[in-house]
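Data block below; observations after.
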Amino acid sequence: MLEHGHEPEEIAERINETNRRSNLRDIIYGAIDGAVTTFAIVAGVVGAELSTKVILILGIANVLADGFSMAAGNYSGTKAELDDIRRIREIEDRHIRMEPDGERAELREILAQKGLDGDVLDAAVDAITRNKKSWIDMMLVDEYGLSPVDPHPMRAALATFGAFLVAGLIPLLPYILSLPAPFHWSIWLTAVTFFSVGAAKSRRSLAPWWRSGIETLLIGGAAASIAYLVGTLFA
């Protein structure tokens, strides 16, 4: 079974969707870090045999402060990426205005390396250079290795913070709800979270969902085990 259809309407919808930048990376990144860091705090405090109140204070403080820090860092990094793309767009726009023949020669070389030649190559160069935006977009991709779709810093930051907040609260739920044996509940809920995030991550990879889930579970479990062992040193 194919992953998508090839009817004209489906093709047009799918191609238009590629012009919108996905925030899946930001969501996965925030969710994994949120679950790992919060459970690490829970495991460390339990290992040190401190009170439930300490778990809640440190855990909620981590979810809010570390989540905001990650979101701010992602915003700044994405903003820097956006600024770099805009800088290079301006460079290419200036080069096209001041040295159009040289830029046409660069475009011609790019298309030739894609297998075009003869009249087809000439026609392709003429067609692309009639639309400056398409021309610049192609130079961004093939000359600089950048995406022609601009990132959205605020959207990336909100996706990271939201995922961190949701996943980061899960290890704390048994303590917030005053469940019996809360640490055991926290272990299982966090393990399910790790596995679920990893399985979701497999949508953008060739790895089977179960393998990606187990991989993320092992990474998160290792971080939690380290925190627990460190906590027991101060018990």
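If the chain linking residue 134 and residue 14 were pulled fully straight, counting 0.36 nm for each residue of separation and taking away their Cα-Cα distance, it would gain 41.3 nm. Relative to the current alpha-carbon distance between residue 219 and residue 56, full extension at 0.36 nm per residue lengthens the span by 56.3 nm.
Mind listing which GluC sites (Glu not before Pro) in region 45-120 are in a DSSP loop and have 15 or fewer other Cβ atoms within 10 Å? Here the sparse-neighbourhood loop sites are 49. On the beta carbon distance between residue 178 and residue 82, with R0 = 41 Å, the FRET formula returns roughly 0.35. Between residue 211 and residue 188, the FRET efficiency from the beta-carbon distance, with R0 = 22 Å, is close to 0.60. With a cut-off of 15 Å, note down the residues of region 22-38 whose backbone N falls inside the zone around a label point 7 Å from the Cα of residue 230 toward its beta carbon. It comes to 36-38, nothing else. Within the shell defined by Cβ-Cβ distances under 14 Å, the residues around residue 217 carry a net charge of +1, with Lys and Arg each +1 and Asp and Glu each -1. Per residue of region 103-119, in order, report the coupling 6.51 cos²θ - 1.76 cosθ + 1.60 (Karplus, θ = phi - 60°) as ³J(HN,Hα) in whole Hz, putting x for Gly and Pro. For region 103-119, the Karplus-derived couplings read 5, 5, 5, 5, 4, 4, 5, 4, 5, 5, 6, 8, x, 7, 7, x, 5 Hz, x marking Gly and Pro.
Any read-out appearing in this document is the output of simple, stated calculations on the displayed coordinates, not a laboratory observation. What you see is a predicted model; the values in this text were computed from it and never measured. A quick note on method: Cβ atoms are made from the backbone with ideal geometry, for glycine too, and the neighbour counts reach across all protein chains shown.
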